[in-house]
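The values are calculated or read from the model by the stated rules, or taken from the named source; none is laboratory data. These numbers come from a predicted model, not from an experiment. So basically every Cβ, Gly included, is an ideal-geometry build from the backbone, and we count neighbours across all protein chains shown. SASA here: full protein model, heavy atoms, side chains in, ligands and nucleic acids out. Shrake-Rupley method; radii C 1.70, N 1.55, O 1.52, S 1.80 Å.
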Amino acid sequence: MSDTLRAIVLMTAAMAAFATADLSISLLPDEMPSSQILIVLGVGGATVFGTLAKLKGLRLLTPLWRDPGVLARNGSELIGTMGIVTALTLIPFSQASSIMQAVPLVVTAGAAVLLREPVGFYRWAAVLVGFLGVLVIVAPDPGDSLGFGTLAAVIGMLGLSARDLATRFVPPGAHTLELSFLAMATSIPAGLILRAMTGDPFMVPDTRAVLLLGQMIAAATAAYFCVTAAMRLGDISAVAPFRYTRILFAFALAVVVVGEMLSTRMVVGTVLVVGAGLFTLWREQKAARALGSPDRAR
């Protein structure tokens, strides 16, 4: 098995794990507030990555967290995590997962506007088609209004897109375990901020809730490991399209486990978003081949 094929397998496994983590959150009791879920995720994830960092002899309390790029990344992670966790507790699992598929498109647009990366007509057209797909997914039914859960999902999607853009400014010497530890740890202040805003009391979890929280932490940390290994192991231009397998896992879990019915509008919107994203990745790969630079597609 080649390195690229191993990376594709790891990326697919990461997307399955991310979908499982999202499902765990959506299945938690309605009485458990988003703030509590965020704090548990932050404590559990930071403990896992902190322990692994210590085993590798890495220091956790270093000046790295004060670096502007890391601060921007963690701040974006805080907003994105607050948004998506809140959305998963308020709207159907499949709808929240569909909205998250727009992240690569927003990153493409952000790179063009903020980082001055060249983006041609066809890629801009793909971005616009992808945004149209998001509008199809989030559009309220006649007589309904745009719900807070849908708005939270959009905010979460934008926050995680900003996190990916901010990653470009992280010092190259930063270890992945350090960044993962800091990213998970940001869920703790995110939960505290959300609790201060809502005033929701914490719930004493029963056995089922404890198992779901444990599954959430295990799946989220496994996903981080797999996606990091995939991006370092294989050809990124070949591996990146497999990020979209996440929506396939999400839809399968939504139908089989949750019993959700996928609306025509949601399927059409998701096809537009994923299709636009895959087209964008194809254009980047084609441009990289034309320039003879495999790094361009990265």
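Which of the residues spanning the range 250-266 are touching a helix residue (DSSP H, G or I) at 6+ places or on another chain (Cβ under 7 Å) and not in a helix (DSSP H, G or I)?
Looking only at the range 250-266, we keep the residues that are touching a helix residue (DSSP H, G or I) at 6+ places or on another chain (Cβ under 7 Å), and these are 250-251, 253-254, 257-258, 260, 262, 265-266.
Selection gives Glu260, Leu262.
One line per residue, one yes/no per condition, for (1) of a type in the set (Phe, Trp, Tyr); (2) over 30 Å from Gly275 (Cα atoms):
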{"site": "Phe18", "(1), (2)": "yes, no"}
{"site": "Leu28", "(1), (2)": "no, yes"}
{"site": "Ala53", "(1), (2)": "no, yes"}
{"site": "Arg59", "(1), (2)": "no, yes"}
{"site": "Val106", "(1), (2)": "no, no"}
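Screening Val204 with (1) part of a helix (DSSP H, G or I); (2) more than 21 Å from the chain's Cα centre (by Cα); (3) β-branched (Val, Ile, Thr) gives one miss only, at (1). Scanning the range 44-63 for residues that are among the hydrophobic types (A, V, I, L, M, F, W, C) and either open to solvent by 30 Å² or more (accessible area, probe 1.4 Å) or more than 14 Å from Ala185 (Cα to Cα) (or both) turns up Val48, Leu52, Leu55, Leu58, Leu60, Leu61. Here are some residues: Leu64, Leu128, Leu78, Leu115. Which one is more than 28 Å from Val274 (Cα to Cα) and of a type outside the set (S, T, N, Q)? None of the others qualify; the one that does is Leu64.
Listed by first and then second residue, the pairs linking a residue in the range 187-209 that is over 23 Å from Arg73 (Cβ atoms) to a residue that is among the acidic types (Asp, Glu) and part of a loop (DSSP other than H, G, I, E, B), with Cβ atoms under 8 Å apart and 6 or more places separating them unless they lie on different chains, are Met203/Glu31.
Being of a type in the set (D, E, K, R), at pLDDT 85 or above and surrounded by fewer than 15 Cβ atoms within 10 Å (Cβ to Cβ) is true for just one of Arg232, Arg208. Which residue is that?
Of Arg232, Arg208, the one residue that is of a type in the set (D, E, K, R), at pLDDT 85 or above and surrounded by fewer than 15 Cβ atoms within 10 Å (Cβ to Cβ) is Arg208.
When the residues of the range 159-173 are filtered to those that are among the charged types (D, E, K, R) and either more than 15 Å from Ile79 (Cβ to Cβ) or surrounded by fewer than 20 Cβ atoms within 10 Å (Cβ to Cβ) (or both), the one that is modelled with the lowest pLDDT is Arg168. The criterion of being under 20 Å from Pro241 (Cα atoms) and within 18 Å of the chain's Cα centre (by Cα) does not hold for Ala7. For the range 90-118, enumerate the residues that are crowded, with 19+ Cβ neighbours inside 10 Å and β-branched (Val, Ile, Thr). Scanning the range 90-118 gives Ile91, Ile99, Val103, Val106, Val107, Thr108.
When restricted to residues that are at pLDDT 90 or above and not in a helix (DSSP H, G or I), the range 1-35 contains 3. Looking at Thr221, is it within 27 Å of Thr167 (Cβ to Cβ) and either basic (Lys, Arg) or more than 14 Å from the chain's Cα centre (by Cα) (or both)? So Thr221 fails the test. The single residue among Leu192, Leu213, Leu179 that is in a helix (DSSP H, G or I), at pLDDT below 85 and more than 21 Å from Thr12 (Cβ to Cβ) turns out to be Leu179.
For first residues located in the range 255-281 and within 10 Å of Ser94 (Cα to Cα) and at pLDDT 85 or above, partners that are crowded, with 22+ Cβ neighbours inside 10 Å and among the aromatic types (Phe, Trp, Tyr) and lie 6+ apart or on another chain with Cβ distances below 8 Å form the pairs Val258/Phe93; Glu260/Phe93.
Matching residues to (1) without any contact (Cβ under 8 Å) to a residue 60 or more places away in the chain; (2) open to solvent by 20 Å² or more (accessible area, probe 1.4 Å):
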| site | (1), (2) |
| --- | --- |
| Gly69 | no, no |
| Gly120 | no, yes |
| Trp124 | yes, yes |
| Val127 | no, no |
| Met157 | no, no |
| His175 | no, yes |
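Yes or no: the range 117-132 includes at least one residue that is of a type in the set (Val, Ile, Thr) and at pLDDT below 85. Yes: the range 117-132 contains one or more residues that are of a type in the set (Val, Ile, Thr) and at pLDDT below 85.
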